[in-house]
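Only one structure is covered here, and it is reproduced in the block below.
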């Protein structure tokens, strides 16, 4: 893929791969030819991108994992505030940061 020639940190391989990246590639979330949103995201709000697949209840049509029942402190809190390994992770199956993973144990 053209993107990963420069963005090598997102390439992997990862122990825990994010299914969307593996199945759809960069364009699952990014608009590669530019746009008004940071990091060339295809939506202005990263939570909207996450919740396309990670729904509050199980998605029986796609069998994708549901978003766990947890409270975000504010509507403005981003999913990636905790789930920072969104391209993949070698330490967490829920793509948490290293600090979050240690705190969970």
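Just wondering, is there one or more residues in the stretch 41-53 that are at positive phi, modelled with pLDDT of 75 or more and surrounded by 10 or more Cβ atoms within 10 Å (Cβ to Cβ)?
So far as the stretch 41-53 goes, no, none of its residues is at positive phi, modelled with pLDDT of 75 or more and surrounded by 10 or more Cβ atoms within 10 Å (Cβ to Cβ).
Among 36, 32, 13, which is the only one that is more than 12 Å from the chain's Cα centre (by Cα), closer than 22 Å to residue 94 by Cα and part of a loop (DSSP other than H, G, I, E, B)?
Step by step, each of 36, 32, 13 is checked, and only 13 is more than 12 Å from the chain's Cα centre (by Cα), closer than 22 Å to residue 94 by Cα and part of a loop (DSSP other than H, G, I, E, B).
The values are calculated or read from the model by the stated rules, or taken from the named source; none is laboratory data. If you're wondering where the values come from, they're calculated on a predicted model, not measured in any experiment. Neighbour counts are summed over all protein chains in view; Cβ atoms, including those assigned to glycine, are modelled from backbone coordinates with ideal geometry.
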